[in-house]
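First up is the structure itself, then whatever we jot down about it.
Please treat every number below as a calculation from the coordinates, not as lab data. Keep in mind the model is a prediction, meaning the values are calculated, not measured. When we count neighbours, we look across all protein chains shown, and the Cβ atoms used for this are built from the backbone with ideal geometry, even at glycine.
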Amino acid sequence: MLKRILLSALLCYAGTAMAQTGQNSAKLIGKALDAVTGKPVEYASVVLLHTEDSSVVTGMYTQPDGDFTFNNVATGNYVLRITFMGYDKLVKAVKIVPNKPTQFAGTIRLQPAGKVLNTVEIKSEKPAFSMQIDRQVFDAGSMITAEGGTGTDVLKNVPSVDVDIDDNITLRGKSVTIYVDGKPSPFGDAKTALQMIPASTIDRVEVINNPSAKFEAQGGGGIINIVLKKDKAIGYNVMFSGGVATRGQINGSANANLRIRKFNFFANYNGRYESQRGYGYSNRQNLITDSAGTAFFTQDSKNRNRSAGNGGRIGLDYYFDDYNTITISQGLNLNTSNSADDILLNYMDIKQSSIKTGERHNNSSSRNPNNNTSLNFRHTTDKQNEELTAYISYSNNRGRNNSNYNTLYQFANGTTPDDNDIQRNLGISKNQFWNIQTDYTTPVGRKGKFETGAKVTLRSNDNDYDAQLFNQTTQQFEKSLTLSNTYYYKEDIYGGYVNFSNALGNLGYQVGARVEQAYLHGYSYTKDTSVNNRFLNLFPSVFLKYNLPHNENQSLIFNYSTRVDRPGFDQLLPYVNNSDPQNIRTGNPELKPSLTHKFETNYSRYFPNTKDYLNTGVYYSQANDDIDRISLLDTATGVTTTRPMNLATDKDWGANFTYNLHIVRGWNVTTNLNMEYSKLTGANINNEYVTYGVTVNSNVRLPAKVSVQVNGHYRSPRVQPQGTFKAMNGIDLGIRKEMLKNNALAIALNISDILNTQNYSSHYETASFIQDYTRKRTTRFIRLNIRYRFGKMDPDMFKKKKKQEIPEEDTDDKEREKDKKPADTRL
């Protein structure tokens with residue numbers, strides 16, 4: 001019933017808004033071309049300014065065909081400013097006259113900066129990195145080393161983002177929320193979401209360290225927004241991609257869209273198969289020997305994992321008119337996996353002589369189908385920058401997991417103890433996720449803007465985990481009430497926000513606040529325990545941007561925001577994971593949310609003569625009641641139990657430096673350096689460390705449309721509550737060759753982790769034990785990927801009578817006639 005009411009309310013809201021369109025404004029359109037080659041310039045920055053005070057009216061990036069469009073521009077005189085790396089800045093006067101709904105800025109030709117080298121073919125490209133007031137933007141198309149991979153491989157190229165051996169994502173060492181096209185991922189956790197997105201479908205990555213009040217507050221590290229490619233110009237566009245890798249990986253994807261008048265149809269499919277091998281080693285010294293006299297303990301493990309995934313999405317955009325658009329889409333995915341782990345256990349006394357050895361064999365298989373349905377609505381008016389959007393999404397994810405554990409022990413004298421165990425497990429889960437959101441934006445005065453919105457997030461999880469132990473006496477499997485758990489969990493979050501932005505001279509500001517009410521309820525039928533929490537939080541945010549006088553290429557940005565890490569259901573519920581018999585993991589129903597206060601200041605400067613770019617800044621964050629895992633040793637059994645806890649206050653002071661250097665035309669190097677001092681303080685925790693990370697990305701464009709990328713990274717040891725994560729480093733190489741007209745065919749060859757140095761290692765040191773742990777999987781491999789695209793973008797394709805071409809200004813008659821000839825726009 002609730003679902004029907006919400007859907008009805010959304011449609012009524014959309015219908016009411018569609019009726020409110022205005023009459024007294026104009027659409028301004030134009031095209032940006034390379035003055036030398038005549039090719040479209042994609043992703044150029046186009047800004048419309050007031051003539052009187054040069055204040056910004058609106059702005060956008062040019063489309064792949066060089067087009068730009070500004071809707072609802074009021075009558076008056078304006079200045080059009082177009083900039084792009086590698087071209088001279090162009091400024092042009094524009095006048096909007098009344099009673100003319102569509103007006104033209106003309107075909108604008110950008111002059112390449114400096115001299116053109118005859119021996120090197122120069123291609124107009126998006127900037128690999130750019131800085132906006134609240135986010136860093138990274139172009140995914142320039143990440144050659146990620147070709148043929150997934151969203152996870154793309155994020156490995158982004159500075160300050162860490163991807164561990166299990167593909168978990170953190171930003172500056174903190175948890176992060178993954179968005180897809182500006183909305184929370186409908187497919188559960190960040191790891192799952194990124195593995196479902198082929199790298200070839202990603203347009204750019206936006207890293208938002210300090211999100212404003214407009215965004216949901218979950219995620220102490222911030223938000224990473226994955227923006228997907230999507231064409232909306234009239235015509236069609238198709239792309240196929242496929243690849244193989246030496247580690248046993250096969251991948252393929254297809255993407256297509258078709259725009260016919262008011263309809264834009266889009267669809268995509270991706271499939272992937274992967275086989276992985278790995279190993280791990282753990283060495284623990286018990287400072288207090290257990291009842292069996294164990295003082296040292298080692299584990300040596302090998303594992304194999306095979307996984308496959310198939311998924312796709314189909315949908316359409318319908319443009320009612322220039323003011324109203326509705327989008328409907330449906331996605332389906334199926335992921336399966338099989339894994340096997342072989343673990344050798346060795347228990348030793350104080351002299352490191354073996355007391356007992358063991359062999360542990362784990363096998364598991366899983367099948368996880370899921371689907372997602374979403375509905376979007378967008379409404380604009382004649383008032384410049386006024387917009388209303390509404391969004392509703394429903395996801396249904398199911399899972400089935402089978403596993404078997406078999407452990408055999410043997411004493412040093414050759415006898416067999418009685419505690420050999422055989423265990424089989426079956427886990428069934430059903431997760432549902434509703435996301436309902438609406439946002440409204442309207443201008444205030446000449447420079448101001450007011451934003452408000454509301455959001456409802458409803459999650460429910462039903463899980464049944466049945467663990468059975470083999471009884472050696474009866475020769476039967478019997479259910480273990482200690483290990484089994486049947487439970488459900490619900491999380492309802494209601495939020496609303498307001499934002500106001502304006503400018504005082506060269507100082508722009510934005511202030512806002514967000515309120516979120518969260519209800520968390522869970523119950524374990526097996527253990528008869530429950531979790532009932534409710535949290536009401538206020539999240540203020542402040543953004544300041546100062547443009548230095550007489551220099552539009554420099555800016556100073558300050559921001560403050562508050563974030564929260566709410567414990568998830570897997571952290572709260574008292575499950576027991578004994579897949580590793582000596583290292584058990586459990587949940588903690590007493591967890592509380594962790595609030596983080598974040599401050600950051602950044603200075604940016606663009607050097608137009610050399611096309612270099614500098615961004616540097618400092619930041620501070622303080623997480624109260626920080627949630628982290630802690631391991632405790634049972635001195636009687638020698639078994640460690642790891643569980644999440646509100647451990648301490650985590651304070652981080654950091655500095656970040658990024659420089660994009662153009663050495664010669666066609667060769668640029670981007671260097672990022674991040675340094676951080678971390679301090680954890682609590683009742684039983686006192687740990688501090690200085691960490692730093694360096695990322696160097698070199699891109700070279702050679703003759704014959706060949707591009708080469710080398711990416712190297714190093715991260716020093718990072719502090720954790722009971723020790724440190726050890727240093728990580730690696731070097732990746734990618735080569736791409738583009739062929740055919742408009743680079744329709746591209747072949748990429750990349751080598752991941754050339755030196756085979758990437759692994760996951762940690763050091764724990766407590767009052768009861770010292771442990772070193774290392775895991776390694778197949779990180780060095782060669783991947784070959786082929787991408788082919790074709791299509792035609794033509795506004796007159798589906799019309800019986802062609803419209804007149806966009807007139808070009810400030811050209812002679814001969815040039816006008818040349819531009820009126822129909823162009824071959826096939827990709």
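Here are some notes:
- Think of each Lys and Arg Cβ as +1 and each Asp and Glu Cβ as -1; about the Cα centre, that makes the dipole of the chain roughly 2280 debye.
- In this calculation the C-beta distance from residue 227 to residue 528 is compared with R0 = 45 Å, giving a FRET efficiency of 0.45.
- With all projection directions averaged, the alpha carbon convex hull of the stretch 711-765 covers 5.1 nm².
- For 263, 450, order by how many other beta-carbon atoms lie within 10 Å, fewest first: 263, 450
- For residue 432 and residue 610, a Förster radius of 45 Å and the Cβ-Cβ distance give a FRET efficiency of 0.25, rounded to the nearest 0.05.
- Assuming charge only on the beta carbon of Lys and Arg (+1) and of Asp and Glu (-1), the dipole of the stretch 518-583 about its Cα centre is about 240 debye to the nearest 20.
- Measuring spread by the Cα atoms of the stretch 512-613 yields a radius of gyration and Dmax of 22.9, 70 Å.
- Computed E for residue 702/residue 166 - FRET, C-beta separation, R0 35 angstrom, nearest 0.05: 0.40
- Selection from 632, 107, 289, by position along the positive dipole direction of the chain (Cβ): 107
- Under 13 Å from the residue 470 label point (7 Å along Cα→beta-carbon), backbone N, the stretch 421-437: 421-425
- Listed by Cβ neighbour count within 10 Å, with the fewest neighbours leading, 421, 134, 321 appear as 321, 421, 134.
- Using a cutoff of 8 angstrom between alpha carbon atoms and counting only pairs six or more residues apart, the relative contact order for the stretch 453-505 works out to 47 percent.
- Of 737/792; 455/592; 191/737; 356/479, those spanning more than 26 Å from alpha-carbon to alpha-carbon: 191/737; 356/479
- Approximate spin-label separation residue 250-residue 203, in nm, with each point projected 7 Å along Cα-to-Cβ: 3.3 nm
- For residue 203, distant residues with modelled amide H under 5 Å away: 227, 228, 229
- Long-range Cα-Cα pairs in the chain (distance over 36 Å), rounded percent: 51 percent
- Using distinct alpha-carbon pairs, which all enter the 1/r mean, Kirkwood radius of the stretch 648-764 in Å: 16.9 Å
- Projecting the Cα atoms of 730, 714, 35 onto the charge dipole of the chain, computed from C-beta unit charges around the Cα centre, puts 35 farthest toward the positive end.
- Debye log10 I(q)/I(0) at q = 0.17, 0.21, 0.28, 0.30 Å⁻¹ for the stretch 626-685, Cα point scatterers: -0.75, -0.89, -1.08, -1.12
- For the stretch 747-794, alpha-carbon Rg and Dmax in angstrom: 21.1, 71
- Cα point-scatterer Debye curve for the stretch 169-218, base-10 log of I(q)/I(0) at q = 0.24, 0.29 Å⁻¹: -1.10, -1.44
- Principal-axis tilt of helix 2-18 within the chain, Cα atoms, nearest 10 degrees: 10 degrees
- Distance between the 7 Å Cα→Cβ label points at residue 287 and residue 620: 3.3 nm.
- 3J(HN,Hα) along the stretch 716-722: 6, x, 10, 5, 9, x, 10 Hz, from the Karplus curve 6.51 cos²θ - 1.76 cosθ + 1.60 with θ = phi - 60°, whole Hz, x for Gly and Pro.
- Residue 745 versus residue 727: modelled label distance in nm, points set 7 Å from Cα along the beta carbon direction: 4.5 nm
- Computed over the chain, relative contact order equals 10 percent, with contacts defined as Cα pairs under 8 Å that lie 6+ residues apart.
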